[in-house]
Amino acid sequence: MRGKLVLASIALALITAASAQTITFWHTYSTGSGEEQTLLEKVIPQFEAENPGITVEAVGFPYEEFRQKLLTAFAGGVVPDLVRMDIIWVPEFADMGALERLDDYDGFAALRDGVFPGPLATNYWDGGYYGLPLDTNTQVMLYNADVISQPPTTFDELEALATELSDPAAEVWAFSVPGPYAWYLLPWIWSNGGAITDDAITTATGYLNSDASVEAVEKLVDWYERGLIAPTLNNTGLGAWEGLGAGEYLATQDGPWAYPSITAQYQDLNLQHALFPAGPAGSISIVGGEDIVMFADSPNKEAAWKFVQFMLSPWAQITMASTGQIPVIQSALEDPYIVEHPYYGVYLQQLQTAKPRTPHPAYSRIETIIQDAVQRVLLGELEVREALDQAAAQVDELLK
Amino acid sequence: MARSSLAPTAGLAPRRPWWRVSAWKRGEYLAAAVFIAPGLIWFLGFMLYPLVYSFWMSLHDWKIRGPSEFVGLANYVRVFGDSVNLIALRNTVVYGVLSVPTQMFLGLMIALGLERLSRGKVLLRLIYYLPVISSWVVVSLMFMFLFNSEGLFNHVFGDVLGLVDPNTAWLNRASTAIPVIALLGVWKGLGWSMLIYLAALQGIPAELTEAARVDGANRAQVTRYVTVPLLKPTTLFIAVMLTIGAFQSFIQFYIITGGGPVHQTEVFLSYMYDQAFNFLDFGYASAIAWLLAALILAISLVQFRLIKSTYEY
């Protein structure tokens, strides 16, 4: 009798489990921010209402720890069904065999054709697509419009403005490069005509250490040493956002999430957007953003695919756009929300010329090499050219 | 081992294989097994197994999924050829030399001072011990903000007192970052050596110090020639424990400098962590961990030798 009861309850549990699926979705939307709130209170409830029986469990992580969390999860074999990950990690995870190839899923072709080709390309690896873009972004210049009336449009104008306004003794700097990280350095290198590798990603020598790349880094280091730009370049001083809020920094470079976050904290700050200052090669910023990917080990692929499709629907894209997440579907561009948005226009214009980071499984290491090289220069260990020559040789090793 | 100690003495009872025991004994064994099991399972599952497994990993070019290639001792050879490990060794030694003796000396001074107090002893002991039980992460972040170029330290000692350049970036080079982290180590560890010294002071027989006083020694002389020599075993115990701690320091370095810029402030565990969890080079990281364990073992053995040869009681 008791045995039968146990069996019956197990059977019941199995049936409920089969009809009520829970998919886990890991992401890096800032905890407690508008992004996460909108996801949890609007987007997911809407999906669950449209798809009875499927529950979405969203788990947020800080960006800095996320890659390690994902790697550990993959190593341990306990993975989430879906992940919103930095576009630059997709080749690495696809290369490890962690991700599900999506080409043959129902409705994939329609989604593929509906998104911007640039962000889409970040999902392509080894002959197939291992994800779909979810949001896109780039960096533009943000400036304190109470002090800077006419934002600089070129490197030279920025230098002239900084010469006039920067005064380290009074703790005022006209511009803050937020840190010696590739994400912030690459727009300077590209705008100056430099590069990391050739287009086919076979060699860095002649690109990472080209005259244009060397000159770009020399310019930043020179500005830093002359006190024209903030100590943030050398990873010290107030953070870029805090410095803007405190009136110490008058401008910086950042993505579309910066404005809502900074102005929420410093309500008196008159923050405005402008294009990234142009170098000899133009105003060339960096493509950022996130892709939504499915783990190959996911036991809930069908339900997970439904959520992917939902997240790429115009409604979900526009809803998330209200929190600084620039949509990736072409049709959203004509939506009144985007058209009338106070600063998405600048970002969309900047995206026209923005470049992606090297789509290569070893990008995390390449990035470390570039950053180390610049830090060696800032430490006074090496000249820029020496440092980049060495870095290029190291990157070449990884590309072999 | 188990067999010889459990089997009855020869001649008194017929020799039985160890598994054929009386019901009563079996009950005893069962009870013993039940008591030992939780600790044993924990030890086997969470200590021995990872230990052996990490050694196995250190012999491979370890892939987190799929087959790993056996490379023998190649990872160990790499450790010796990698200059970052030399930097880590240098930083660890500097950190240890700066923080270990300071902690011991100040801990002893405070313990001696507290011993003489008649009031407020408990409160002061609590205050000195508080940093020991506070979280490494929290105090590391605190020091990071204090020693930021725009931090409180530069404000007070630079802007106000004019003793240092107010724009000094303390955490950006090893020569200043390691002393700052050692200062944190001293501040946080002080209470622990104080507590051990206080306990040891209780164990010194009052007759010895009284006899010295009767012989005409003043307080300083009693401390210098009686108390401190009698504390020698404690001193060496603290030295061993703190040295092991210094070689294993991780959180404070990982949070405050992350080993950077360009590995300049790296210590063994921060470098190992990066190799494992950033670059997925688990084989190499395991080799670093095993060599570090061997190094700590060697240093501890030397220190234990010292304890033996200078035992005073």
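For every residue, the table says whether it meets (1) within 14 Å of chain A (Cβ to nearest Cβ); (2) in a helix (DSSP H, G or I); (3) closer than 30 Å to A:LEU233 by Cα.
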residue	(1), (2), (3)
B:TYR225	no, yes, no
B:PRO233	no, yes, no
B:PRO261	yes, no, yes
B:ALA276	yes, yes, yes
B:ALA294	no, yes, no
B:ILE299	no, yes, no
B:ARG305	no, yes, no
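If you go through the stretch A:69-90 one residue at a time, do you hit one that is among the aromatic types (Phe, Trp, Tyr), open to solvent by 40 Å² or more (accessible area, probe 1.4 Å) and closer than 23 Å to A:PRO359 by Cα?
No - not one qualifying residue is present in the stretch A:69-90.
Sort out which residues of the stretch A:161-200 are hydroxyl-bearing (Ser, Thr, Tyr), within 13 Å of chain B (Cβ to nearest Cβ) and assigned to a loop (DSSP other than H, G, I, E, B), and write them in order of number.
From the stretch A:161-200, those hydroxyl-bearing (Ser, Thr, Tyr) are A:163, A:166, A:176, A:181, A:184, A:191, A:197; that's our starting set.
Pick out the ones that are also within 13 Å of chain B (Cβ to nearest Cβ) and you get A:176, A:181.
Correct list: A:TYR181 only.
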Can you work out which of the residues in the stretch A:345-356 that are outside any helix (DSSP H, G or I) and in contact with a Ser or Thr (Cβ under 9 Å, 6 or more places away or on another chain) is surrounded by the most Cβ atoms within 10 Å (Cβ to Cβ)?
-> A:ALA354
Of those in the stretch A:201-215 that are surrounded by 17 or more Cβ atoms within 10 Å (Cβ to Cβ) and part of a helix (DSSP H, G or I), the residue nearest to the chain's Cα centre (by Cα) is A:SER213
Kindly check whether there is at least one residue in the stretch A:216-232 that is under 22 Å from the mean Cα position of the chain (by Cα), within 14 Å of chain B (Cβ to nearest Cβ) and outside any loop (DSSP other than H, G, I, E, B).
-> yes
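I'm checking my understanding of the structure. Among residues of the stretch A:243-261 that are in a helix (DSSP H, G or I) and more than 13 Å from A:VAL177 (Cα to Cα), which one is farthest from the chain's Cα centre (by Cα)? Talk me through it step by step, then tell me what you get.
Narrowing the stretch A:243-261 to residues in a helix (DSSP H, G or I): A:243-246, A:258-261.
From the residues that got through so far, the ones that are more than 13 Å from A:VAL177 (Cα to Cα) too are A:245-246, A:258-261.
Details: A:GLY245: 23, A:ALA246: 26, A:ALA258: 12, A:TYR259: 15, A:PRO260: 16, A:SER261: 16 Å.
Per the criteria, the residue is A:ALA246.
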For the stretch A:91-103, which residues satisfy the criterion of being within 14 Å of another protein chain (Cβ to nearest Cβ) and either hydrophobic (A, V, I, L, M, F, W, C) or open to solvent by less than 10 Å² (accessible area, probe 1.4 Å) (or both)?
-> A:PHE93, A:ALA94, A:MET96, A:ALA98, A:LEU99
Please enumerate the residues belonging to the stretch A:75-91 that are modelled with pLDDT under 90 and in a helix (DSSP H, G or I).
-> A:ALA75, A:GLY76
Go through the residues of the stretch B:50-58 one by one and say whether even a single one is within 30 Å of B:ILE196 (Cβ to Cβ), aliphatic (A, V, I, L, M) and modelled with pLDDT under 95.
-> yes
Can you tell me which residues in the stretch A:311-326 are more than 13 Å from A:LEU39 (Cβ to Cβ) and either among the charged types (D, E, K, R) or in contact with a strand residue (DSSP E or B) (Cβ under 9 Å, 6 or more places away or on another chain) (or both)?
-> A:LEU312, A:SER313, A:PRO314, A:ILE326
List the number of the failed condition for B:PHE268; all other conditions in (1) more than 14 Å from chain A (Cβ to nearest Cβ); (2) closer than 30 Å to A:LEU379 by Cβ; (3) free of Cβ contacts under 8 Å to residues at least 12 places away in the same chain hold.
-> (3)
Pull up the stretch B:58-76, narrow it to residues that are within 28 Å of the chain's Cα centre (by Cα) and not aliphatic (A, V, I, L, M), then point me to the one that is most open to solvent (accessible area, probe 1.4 Å).
-> B:TYR76
Return yes when A:GLU64 is among the charged types (D, E, K, R), within 14 Å of chain B (Cβ to nearest Cβ), surrounded by fewer than 17 Cβ atoms within 10 Å (Cβ to Cβ) and assigned to a helix (DSSP H, G or I) and no when it is not.
-> yes
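The values are calculated or read from the model by the stated rules, or taken from the named source; none is laboratory data. Bear in mind the structure is a predicted one, so any value in this text is a computation, not a measurement. Glycine also receives a Cβ, built like all others from the backbone with ideal geometry; neighbour counts cover every protein chain displayed. These area figures cover heavy atoms from the full protein model, side chains too; ligands, DNA and RNA do not enter into them. Shrake-Rupley method; radii C 1.70, N 1.55, O 1.52, S 1.80 Å.
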